[in-house]
Structures are given as structure tokens and as C-alpha cells.
Amino acid sequence: MVSSGAFNYINVLEKACDASWMRNSAIANNLANVDTPGYKRKDVDFETYLQGAVSGGLSLDDDIANADLDALTGTTYTDYGHVSYRLDGNNVDIDTENAELAKNQMKYYTMLDSVSQEFTRLKSVMKAS
């Protein structure tokens, strides 16, 4: 993490990428346990923390600049722990997990592209100076 105002968006995108990576691991674990009796699917909550960190200010730039990056982390939780789709108590649906995996991978690569674009912008500003 870089502590310069020029890197505020990059720092937040880094945290979002970390959470997306955590979600990818949780989904992979869900898929690995699709046939494990009593297993409950896991997911990662990051968006709630991000929304709380970047709302309420006068502008998005100010919100990003003032975001507490240490508090901006994903947390793993048991999703619908009281619900089971099958008699064995497992609540993992393989089709849903595969769709969530594809969605998460698209988000992850989009965020990586955004980080790359931010560095390209910084590079062009430094060349112009």
C-alpha cells in the first residue's frame, strides 16, 4: 500500500482485488465440498464495507482519500447456514457456484484492468511534467 494521495484509488482497488481473491477461494472450497454432508456454503462480504467507507462525503475523491484502508477488508461468512437444499444438510448448488465463480473472475480481471489504467494515467502525468 502506497501512502500518497496519487495512489488512493489504486489502494482501494488493491483491497477490492484481495477480497475478490478471497471470494474465489471460498467458491473453490464450496465446489470442492459439494458432496460433503452438512457442509454450508461460504461467501465473502466486502461490498458492504466498501460502501460504508466511500459514502457520505462531498465527493468520491474525498471519500476514497479518507477511507480507512485497514478496516476495508473482506470477511468470510456462512451463507444461509440454516438452509439446506438436500437431505444431507449441504446447501451448495453447483450451478450457482459456477455462475458466482464466473462473475467473480470477471470482476477480478476488471479491477486488475482498472489498476493498470490508473498506473498508465500516473505514467502519462509524469511524462508530461
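Summing Cβ point charges (Lys, Arg +1; Asp, Glu -1) relative to the Cα centre of segment 24-129 gives a dipole of roughly 340 debye. A crude spin-label estimate for the pair residue 84 and residue 47, with each label 7 Å from Cα along the Cβ direction, gives 2.9 nm.
Residues 114, 55 ordered from highest to lowest accessible area at a 1.4 Å probe: 55, 114. Across segment 80-96, rounded Karplus estimates of 3J(HN,Hα) from the backbone phi angles (6.51 cos²θ - 1.76 cosθ + 1.60, θ = phi - 60°) give 6, x, 8, 10, 10, 8, 10, 5, 7, x, 7, 10, 8, 10, 4, 5, 5 Hz, Gly and Pro being marked x. Computed from backbone phi with θ = phi - 60° and the Karplus coefficients 6.51, -1.76 and 1.60, the 3J(HN,Hα) list for segment 28-40 is 4, 5, 4, 5, 5, 9, 4, 10, 8, x, x, 6, 10 Hz; x is used for glycine and proline.
Number of Lys pairs in the chain with C-alpha atoms less than 20 angstrom apart, excluding same-chain neighbours closer than eight positions? Don't skip to the answer; put the middle values down first.
Details: 15/42; 15/103; 15/107; 42/103; 42/107.
Count of close lysine pairs: 5.
Heavy-atom accessible surface of residue 48, to the nearest 10 Å², is about 80 Å², with a 1.4 Å probe and all protein chains retained. Approximating the spin labels as points 7 Å out from Cα along Cα→Cβ, the residue 54-to-residue 105 distance works out to 2.5 nm. Each of 21, 94, 36 was scored by the projection of its Cα onto the charge dipole of the chain, and the greatest displacement toward the positive side belongs to 21; charges sit on the C-beta of Lys, Arg, Asp and Glu. Relative contact order of the chain: 35 percent, from C-alpha pairs under 8 Å at least 6 residues apart in sequence.
The values are calculated or read from the model by the stated rules, or taken from the named source; none is laboratory data. The structure displayed is predicted, hence computed values, not measured ones. Cβ coordinates were reconstructed from backbone atoms using ideal geometry, including for glycine residues, and neighbour counts include every protein chain displayed. Each accessible area value is taken on the protein alone, full model and side chains, heavy atoms only, with ligands, DNA and RNA left out. Shrake-Rupley method; radii C 1.70, N 1.55, O 1.52, S 1.80 Å.
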